[in-house]
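What follows is a single structure, written as structure tokens, with notes after it.
The values are calculated or read from the model by the stated rules, or taken from the named source; none is laboratory data. Because the structure is a prediction, the values reported are computed rather than measured. Every residue, glycine among them, receives a Cβ derived from its backbone with ideal geometry; neighbour counts consider all protein chains shown. Accessible surface is based on the protein model in full, side chains and every heavy atom, while ligands, DNA and RNA are left aside. Shrake-Rupley method; radii C 1.70, N 1.55, O 1.52, S 1.80 Å.
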Amino acid sequence: MVKSKTSTVVAVMSVFFIAMGIGTITPALQNIAEAFPNLPFSTILLASTLPSLFLIPATAWSGMVAGSKVGYRTLLLLGSLLFALAGAAPYFMNNFTTILIARALFGIGLGIISPLGTALILGLFEGQQRANMLGLSGVVMNLGGIVLQMLGAVMCTISWRHAFLPHLLALITFFMVLSMLPEPEKRKEDTAAGKDKMPGAVYLIGALFGVSMMLNYPMLVNMSTIIITGNLGDAASAGVVLSMFTVGGMIGGAVFGKLHQYIKLNVIPLSLIIISLGMGSVFYASSLIMLTVGSTLVGFGFSILMPAVMMIIGSIVPPAAFASASGMLMAFMNLGGFISTYYIALLLNINNYIRFPIFVAMVVYAVSAVVFYTLIKARSSKSITPPVN
């Protein structure tokens, strides 16, 4: 453990600042599509979703070797360098295939970084200091997501190529890790961690959460198209609207504790209905204000749903297996993000209206809210039913 040196805190927080960098180019997708008019839009979407596929093995590998076979600092230096250089590389590219290769490398870099931030806090801090750092990390992560996405949107107004340049901010993380971050002390691994089988419920929850991410992606990746083709604004406007998804997430994360304290498991159907309302606002929106409200509601609801799901997983797996279970949840989440490209293409073949997948998400979330509320109510009624004499 180390003392709470300002330099150490700043270095650790710099890791969280780039952790949501996958959305940096989302506001520029319509501009990229216009630059490659001969490619189907589903192929253009791979620029946003392909990194999610490569995140999965990179995250798993990084989590397995961190601190035991490879040092945290080494992994962070490698990951932040890949994030910066591969992330910005499409600025110099004209061929979409090479752009996708760069995006895959970017996904690997982000995947290496993803599991290390929280592990650093657990390895470098203890007690209340640790709790404070974990709370701060969520704020910084969402703030970084907003900054990167806004920069991507603003830079895109110059040209679609410039939208990739904000990834270079990861070089600041690289130099901070290199000069300011100490290597956490090695600790004995909990040998019980690998002995317990992962409960089947974890896989089911992970799969459902992956579906949730797949449902969310059409709103995120199509926002620039909705705004630009609807003459509601430009790429910068899309950046503002999408950044409100993250702002909503920050608010949702802040109020989750109190909500869970008062309504317990009912927080899940509540979050689902909030997301459904957000999707409905986006689907029916005819102004930037309504799109902004919808994006904020979806982010708010999703940031209530995610910790609720994590708490359920924490209640069904032993403490030693929680890291593996949460890693599996992240893998399903990124898989859902990747599959969304083909899910969107499938729905657009059924109905070519760009907002149709958002309508489907609105309906699925509303139905899910009713189903979960009914199940929770039935379980509650069963638990308070007096025994028959």
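Ile172 falls short on exactly one of the conditions (1) over 30 Å from Gly294 (Cα atoms); (2) modelled with pLDDT under 90, and that condition is (2).
On the stretch given as the stretch 340-353, residues that are β-branched (Val, Ile, Thr) and in contact with a Ser or Thr (Cβ under 8 Å, 6 or more places away or on another chain) total 2.
For every residue, the table says whether it meets (1) open to solvent by less than 40 Å² (accessible area, probe 1.4 Å); (2) within 18 Å of Gly239 (Cβ to Cβ); (3) in contact (Cβ under 8 Å) with a residue 24 or more places away in the chain.
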position	(1), (2), (3)
Met20	no, yes, yes
Ser48	yes, yes, yes
Gly63	no, no, yes
Ala66	yes, no, yes
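For (1) within 21 Å of Val364 (Cα to Cα); (2) in contact (Cβ under 8 Å) with a residue 24 or more places away in the chain, each residue gets a yes or a no:
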position	(1), (2)
Val247	no, yes
Ile263	no, no
Ile268	yes, yes
Ser271	yes, yes
Met279	yes, yes
Leu291	yes, yes
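From the list Ala325, Ala331, Ala308, Ala320, the one residue that fits, being surrounded by 17 or more Cβ atoms within 10 Å (Cβ to Cβ), modelled with pLDDT under 85 and out of contact with any Ser or Thr (no Cβ under 8 Å at 6 or more places or on another chain), is Ala325. The set of residues in the stretch 4-18 that are buried (at least 21 other Cβ atoms within 10 Å of the Cβ) and either part of a loop (DSSP other than H, G, I, E, B) or without any contact (Cβ under 8 Å) to a residue 24 or more places away in the chain (or both) contains only Ile18.
Screening the stretch 247-271 for residues that are under 17 Å from the mean Cα position of the chain (by Cα) and open to solvent by less than 50 Å² (accessible area, probe 1.4 Å) and picking the one that is modelled with the highest pLDDT gives Ser271.
So that you can scan it fast, the table gives a plain yes or no per residue for (1) farther than 14 Å from Tyr217 by Cβ; (2) of a type in the set (A, V, I, L, M); (3) out of contact with any Lys or Arg (no Cβ under 6 Å at 6 or more places or on another chain); (4) outside any helix (DSSP H, G or I):
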| site | (1), (2), (3), (4) |
| --- | --- |
| Pro27 | yes, no, yes, no |
| Ile32 | yes, yes, yes, no |
| Pro37 | yes, no, yes, yes |
| Leu46 | no, yes, yes, no |
| Pro51 | no, no, no, no |
| Ala58 | yes, yes, yes, no |
| Ser62 | yes, no, yes, no |
